[in-house]
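In what follows, a single structure is set out as structure tokens and then discussed.
The values are calculated or read from the model by the stated rules, or taken from the named source; none is laboratory data. Quantities reported herein were computed from a predicted structural model and do not represent experimental measurements. Virtual Cβ from ideal backbone geometry, glycine too; neighbours counted across all protein chains shown. When the accessible area is computed, the model is the full protein with side chains, heavy atoms only, and any ligands, DNA or RNA have been set aside. Shrake-Rupley method; radii C 1.70, N 1.55, O 1.52, S 1.80 Å.
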Amino acid sequence: SQITTLINHKDKPKRSDKTLQAIQRVGQAVNLAVGRFVTVGEAIANENHELKEEMSVACIEARRAGETIAQLTDVASLDHPESDSHITIFTDKTGVVKAARLLLSSVTKVLVLADRIVIKQIITSRNKVLATMEQLEKVSSFQEFVQIFSQFGNEMVEFAHLTGDRQNDLKDEKKKARMAASRAVLEKCTMMLLTASKTCLRHPDCESARINKDGVFHRMRLALEQVIEIVTDYRSNGENEMAPISIYSGIKEFKNKVEGLRENLYFLSKENLSTMLEVILEHTEDFTDSAYTSHEHREHILELSKQAKMELEQLVSVWMQAQNQKTKDLMEDLEVAILKTCQCMNELKREVHSAATSLAADLLKYHMDHMVLKALKITGVEGNLEAVAEYTCKLSEQKEQLVEMCRLLRHVSGTEPLEITCIHAEDTFQVTGPQIISAAETLALHPSSKIAKENLEVFCEAWESQLTDMSTLLREINDVFEGRRGEKRVYLSLPRPGKHNANLKALKPVRLDTEEQAKIAKLGLELHLLTSDVDSETEKWEDQENEIVQHGQGMSSMAYSMYLFTRGEGLLKTTQDLFHQAEIFAAEGTKLASALHAFSDQVHDDDKPLLLLEAEKLISMCKQLQITAKASVQGKSATFTKV
């Protein structure tokens with residue numbers, strides 16, 4: 001950011017001492033920062049001999065560029081006539097640009113080399129863990145096992161620290177979620193590996209104990225492999241392992257393309273749109289074919305799928321005509337067709353969401369008593385093989401239900417990280433179910449074995465813990481659907497039915513005509529663009545706790561929920577909700593204005609009157625908005641004008 005300041009200075013012919021001093025300060029600050037950065041780079045180079053030479057060269061380049069920038073911005077080296085207090089000559093601007101480029105490329109090189117070292121550390125740590133796992137797998141005596149497991153524990157702790165730091169550094173939310181899932185598997189499996197191995201050592205001839213242990217080792221190896229894939233950005237079997245697209249992301253992309261027709265009638269083909277819809281409707285078959293989808297939901301999904309095809313046919317027909325002749329009537333018909341198609345897709349989205357989340361809520365409620373697990377533990381200790389077999393069948397049924405629930409929830413999860421969490425949950429139920437069964441069979445064959453009993457407990461706990469996680473996941477999926485979280489934080493001081501407005505239930509929804517819908521959609525879009533501007537500005541502030549930043553973010557977030565209202569999404573369901581939100585928005589604006597007034601005391605140059613002028617404007621606009629939001633109106637037309 002300091003370099004950007006330097007490069008972007010305006011080329012005025014005359015410069016005040018103040019400007020020159022500021023530029024010199026920036027030049028020195030850059031040089032000092034480079035010095036500190038390079039010192040760390042050199043220390044890393046000394047510890048890692050294989051990259052020492054490359055790292056040293058990059059550090060020398062960076063240091064040299066930093067010094068060049070400091071020299072070029074040194075006021076003392078500028079010759080300026082004594083008689084003139086305003087300096088007429090400035091430094092060599094192209095020299096600064098060249099030095100800045102060299103500096104940025106060498107700094108990038110240092111970062112990339114340091115990153116390679118971190119990746120290498122993680123791979124080395126993983127290799128240690130794998131080697132010790134192999135020893136643990138082959139061990140035949142308890143004493144030897146205890147010794148090696150102690151070493152294994154230390155290595156896993158080191159691996160957890162390295163991968164935890166890496167997870168925090170990842171910018172890609174998708175990779176972050178995958179890394180978190182793999183690390184969770186490794187953490188849980190470490191305890192399972194201990195009890196499963198001890199059970200196998202105690203009962204060496206027991207087939208179910210061996211199957212149980214092998215399952216744990218296999219799962220740990222897969223998780224270790226996935227961590228390395230994420231860290232190195234390498235997939236051993238190509239990208240095909242990634243999950244197919246979800247209904248949510250399909251609908252989102254489809255709607256974006258449809259709404260894009262307003263701006264450009266020629267940017268995609270009708271076949272392209274038809275294929276996108278076909279893919280979405282194919283995925284809805286996961287719901288309509290599922291034995292766990294209610295009859296009512298199945299019927300609604302089929303009806304909406306049929307309607308979506310019809311709406312798209314109508315849209316394509318008008319769109320093709322509009323490509324030939326852009327008359328006002330045709331463009332209005334196109335707008336109607338776009339709105340109807342998007343409305344239908346929103347209803348389909350709502351229906352599959354309802355089907356998936358209501359099934360999940362019912363299943364989680366039904367299985368939260370853990371009756372089957374309790375029965376397995378009791379019948380296992382009794383050595384009742386017949387009863388254990390009966391309850392393992394019930395557990396397998398439960399597993400199938402939960403796996404299906406995860407698959408359907410993935411379609412409606414709303415964000416990629418939540419989608420990955422659904423896939424991880426599905427995988428956990430898929431793997432843990434058979435492991436509980438093998439652990440229960442082992443206990444039934446050796447009912448007096450303390451270690452077999454403890455082993456079954458560990459696997460049952462993993463199952464119970466995953467069920468608890470599913471309740472949290474379901475809550476988060478509902479939050480995203482309601483616009484309470486997800487791609488953007490949405491402000492939450494909103495009216496809840498019954499809390500602020502007792503008469504909300506009595507309000508009938510108003511149908512807007514096409515022109516009104518288009519006007520609202522356009523205003524909403526403008527609001528959305530403005531929130532993006534505000535967000536990109538607030539992100540530039542180093543001090544995110546600053547009062548001005550926080551009020552700005554609060555207002556942006558409220559404006560975003562108003563934008564969602566124009567799309568028929570989010571938490572604001574009625575016009576009353578919108579008006580209430582507008583009042584809170586205005587109040588937040590007034591707080592921002594007073595924070596700006598306080599801040600203006602620290603500003604002493606030409607910017608102060610400008611800042612105070614903006615604060616005054618803000619106050620009068622907030623007052624105007626408060627008056628508008630509180631004004632009572634009657635009838636559709638007046639309400640629309642107020643909106």
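Results, tabulated for the structure shown:
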| item | result |
| --- | --- |
| Output for segment 539-559, where each listed residue is open to solvent by less than 20 Å² (accessible area, probe 1.4 Å), within 16 Å of C622 (Cβ to Cβ) and either of a type in the set (A, V, I, L, M) or not assigned by the TED database to the domain that holds H528 (or both) | M558, A559 |
| Selection from segment 134-143 of residues that are in contact (Cβ under 8 Å) with a residue 40 or more places away in the chain and either outside the structural domain of T199 (by the TED database) or not β-branched (V, I, T) (or both) | L136, E137, S140, S141, F142 |
| When residues of segment 105-131 are limited to those that are of a type in the set (S, T, Y) and under 18 Å from L162 (Cα atoms), the one surrounded by the fewest Cβ atoms within 10 Å (Cβ to Cβ) | T124 |
| Some residue of segment 227-237 being touching a Lys or Arg at 6+ places or on another chain (Cβ under 7 Å) and of a type in the set (D, E, K, R) | yes |
| Checking K306 against (1) open to solvent by 80 Å² or more (accessible area, probe 1.4 Å); (2) farther than 17 Å from K349 by Cα, the condition it does not meet | (2) |
| Qualifying residue in segment 338-355 (condition: under 23 Å from E282 (Cβ atoms) and over 29 Å from the mean Cα position of the chain (by Cα)) | yes |
| Residues of segment 587-643 satisfying the condition of being open to solvent by less than 40 Å² (accessible area, probe 1.4 Å), within 22 Å of T574 (Cα to Cα) and β-branched (V, I, T) | T639 |
| Residue tally, condition surrounded by 14 or more Cβ atoms within 10 Å (Cβ to Cβ) and hydroxyl-bearing (S, T, Y), over segment 139-184 | 2 |
| Within segment 562-585, tally of residues that are crowded, with 20+ Cβ neighbours inside 10 Å and under 17 Å from Q550 (Cβ atoms) | 1 |
| Close pairs from segment 607-630: first part of a helix (DSSP H, G or I), partner basic (K, R), Cβ under 9 Å, at least 6 apart | T628/K642; A629/K642 |
| Candidate set from segment 220-229 (those that are open to solvent by less than 20 Å² (accessible area, probe 1.4 Å) and in contact (Cβ under 8 Å) with a residue 60 or more places away in the chain); member that is nearest to A177 (Cα to Cα) | V227 |
| Residue under evaluation T590, criteria (1) in a helix (DSSP H, G or I); (2) under 30 Å from Q343 (Cβ atoms); (3) under 37 Å from the mean Cα position of the chain (by Cα), criterion not met | (2) |
| Residue tally, condition over 18 Å from Y234 (Cβ atoms) and modelled with pLDDT of 90 or more, over segment 114-139 | 11 |
| Conditions (1) buried (at least 17 other Cβ atoms within 10 Å of the Cβ); (2) in contact with a Ser or Thr (Cβ under 7 Å, 6 or more places away or on another chain); number of the one not met by H283 | (2) |
| Verdict on I420 being touching a residue at least 12 places away in the same chain (Cβ under 8 Å) and either basic (K, R) or within 27 Å of D172 (Cβ to Cβ) (or both) | yes |
| Which listed residue is touching a residue at least 40 places away in the same chain (Cβ under 8 Å) and not charged (D, E, K, R), from V146, V96 | V96 |
| L193, sole failed condition from (1) under 35 Å from the mean Cα position of the chain (by Cα); (2) open to solvent by 10 Å² or more (accessible area, probe 1.4 Å) | (2) |
| Yes/no for L564 being assigned to a helix (DSSP H, G or I), over 27 Å from the mean Cα position of the chain (by Cα) and either at positive phi or not hydroxyl-bearing (S, T, Y) (or both) | no |
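For (1) small (G, A, S); (2) in contact with a Cys (Cβ under 8 Å, 6 or more places away or on another chain), each residue gets a yes or a no:
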| position | (1), (2) |
| --- | --- |
| H370 | no, yes |
| G380 | yes, no |
| N384 | no, no |
| E390 | no, no |
| F429 | no, yes |
